[in-house]
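Okay, structure first, notes after.
None of the figures in this text is laboratory data; all of them are computed from the coordinates on show. Just so it is clear, the model here is predicted, and its values are computed rather than measured. Cβ placement follows ideal geometry from the backbone for every residue including glycine, while neighbour counts extend to all protein chains displayed.
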């Protein structure tokens, strides 16, 4: 037996009963707090939990069983299946818009360490949240940093890293260590992160205040408690969000308030949000916009509680608030200093027929992630069989994000 200690894993023992009798006992392994799998003790006898992060076990057998049962990883928030993307998973971090790294040949590089959300926003563009029925993904922090550094070496100039996940980034247990690694990279000048702020605490914000490159893009969609909860689609503590936003400002953390204007729901709340931002007293010398009102758009994969305004109607509405409140609200890439950078070549293009290997489920039903030439390819209408070779015709290649169809 070997004593093993893990930073990202936690352990507990559970049993399943039937008619008052123990049917099965399990070692439950939690990965990054919210993901778990269950290893039957009938396959792993003699295991002893030392503390929540440490066990005494047959190391070789445990590692084999962990690999086996990580294929049955589950998200504890919504009970959806989950995929762990790590350096030995065979899944590259370029190619998907849902997890990993997205490089659009600009100085703004997106990283996506996790999917999943603790809210259920009625306007969510990807239908994420407690009510989601999609497969979830979580990426190993060190693998993400390693692959990002390779891309940064290629780009060769200062960049902004945007943590823009399909969900809430504070669900990622390694979020503070991830930001710390980004902070220590001299090539990264700004770290921006979208958050609903509901999972923050003064303890977390105290840690984040050490990172002078960090900016939190906070989604506050209404100043009315009932309406804010309606938009969130579930229980929502507006008072906590506002308190944590004020505390972040007090601790010197850069913040940008980013509400979504949902027609028929919160138009009248926009001026209230603008006034809240003005009262925060954020200093303009932070050299970034303080407020950016987003235009709700209809998406095929999203929740669509209403019909989107035209861009013309949206701009007219925003200009009215700008005039009344004397604050700039219509933003563009230039307001964030985004510029074109070195082009990353694509290993294949639309209409190419290639050989790829199935590595995991994709987020949507009957869809898989296939891999070829260090890229992931989303392939719909494909039966999952891990490591199966398939022929794929590329149907999308923009920004090194690839979709394909079976040939």
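A viscosity of 0.692 mPa s and a temperature of 37 °C, combined with the Kirkwood radius over C-alpha pairs in the Stokes-Einstein formula, give the stretch 2-72 a diffusion coefficient of 264 µm²/s.
The stretch 59-147 gives an Rg/Rh value of 1.02, both radii derived from C-alpha positions and Rh following Kirkwood.
Relative intensity of the stretch 180-292 on a log10 scale, I(q)/I(0) at q = 0.10 Å⁻¹, equals -0.30, per a Debye sum over C-alpha point scatterers of equal strength in the absence of solvent. For the stretch 96-246, take the convex hull of the Cα atoms, compute a quarter of its surface area, and give me that in nm², please. Across all orientations, the stretch 96-246 yields a mean hull projection of 8.9 nm². Packing order of peptides 226-237, 10-21, 196-207, highest average first: 226-237, 196-207, 10-21 (average count of other Cβ atoms within 10 Å over each peptide's residues). Note on the stretch 82-336: Rg/Rh from Cα positions, Kirkwood definition for Rh, rounded to two decimals, is 0.95. Against the compact-protein benchmark of 2.2 N^0.38 Å, the Cα-based radius of gyration of the stretch 1-121 scales to 1.28. Annotation: peptides 264-274, 320-330, ranked by per-residue average of other Cβ atoms within 10 Å with the highest first, follow the order 264-274, 320-330. Against the main long axis of the alpha-carbon atoms of the chain, helix 311-325 sits at an angle near 60°.
Based on DSSP H segments of at least four residues, each scored -39500 (n - 2.57), the chain has a per-residue ellipticity at 222 nm of -6500 deg cm²/dmol.
Residues 288, 5, arranged from fewest to most other Cβ atoms within 10 angstrom of their Cβ, appear as 5, 288. Classification of the stretch 117-193 by its C-alpha gyration tensor yields a prolate form. The axis ratio a/c (a ≥ b ≥ c) is 1.5 or more, and a/b outweighs b/c. Computed over the Cα atoms of the stretch 353-406, the ratio of the radius of gyration to the Kirkwood radius (Rg/Rh) comes to 0.91. With the simple spin-label model, which puts each label point 7 Å out from Cα in the Cβ direction, the residue 212 to residue 176 separation comes to 2.1 nm. Taking the fewest neighbouring Cβ atoms within 10 Å as the starting point, the ordered list for 341, 195, 115 is 341, 195, 115.
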